[in-house]
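Structure first, then comments.
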Amino acid sequence: MSCRNATDVMLLILAFFLPPLAVFFKRGCTADLLINIGLTLLGYLPGMVHAWYLILKYPYTVAR
């Protein structure tokens, strides 16, 4: 398992409580946010899993 940045860890915790907010902080106002809102309205668990997927797929990187 790769090492995660503290920002991603905090987003994973936030995604447990408010999945759309975590997706907004990670990806901004994109189609990913709309998909997550829809999934969260259909059921809490699909929205949370989608948020975790996005957070783990796009790790935090620092521009050099």
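The values are calculated or read from the model by the stated rules, or taken from the named source; none is laboratory data. Remember, it's a predicted structure, so these values are computed and weren't measured experimentally. Ideal geometry is used to build each Cβ from the backbone, glycine not excepted, and the neighbour counts take in all protein chains shown. Calculation scope for accessible area: heavy atoms of the full protein, side chains included, ligands and nucleic acids excluded. Shrake-Rupley method; radii C 1.70, N 1.55, O 1.52, S 1.80 Å.
Can you tell me which residue in the range 1-40 is most open to solvent (accessible area, probe 1.4 Å), limited to those that are among the aromatic types (Phe, Trp, Tyr) and within 8 Å of the chain's Cα centre (by Cα)? Don't jump to the end; show me each part of the working.
Within the range 1-40, the first condition is being among the aromatic types (Phe, Trp, Tyr), and the residues that meet it are 16-17, 24-25.
Narrowing the set further to residues that are within 8 Å of the chain's Cα centre (by Cα) leaves 24-25.
Numbers: Phe24: 94, Phe25: 126 Å².
Taking the candidates together, the pick is Phe25.
Against the condition over 18 Å from Asn5 (Cα atoms) and among the aromatic types (Phe, Trp, Tyr), how does Phe25 come out, does it pass?
On the way: over 18 Å from Asn5 (Cα atoms): no; among the aromatic types (Phe, Trp, Tyr): yes.
For Phe25, the condition - over 18 Å from Asn5 (Cα atoms) and among the aromatic types (Phe, Trp, Tyr) - is not met.
For the range 45-63, a residue qualifies if it is open to solvent by less than 100 Å² (accessible area, probe 1.4 Å) and aromatic (Phe, Trp, Tyr), and the qualifying residues are Trp52, Tyr58.
Residue-wise test of (1) closer than 20 Å to Asp8 by Cβ; (2) modelled with pLDDT under 95; (3) assigned to a loop (DSSP other than H, G, I, E, B); (4) among the aliphatic types (A, V, I, L, M).
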position: Pro20; (1), (2), (3), (4): yes, no, no, no
position: Asp32; (1), (2), (3), (4): yes, no, no, no
position: Val49; (1), (2), (3), (4): yes, no, no, yes
position: Thr61; (1), (2), (3), (4): yes, yes, yes, no
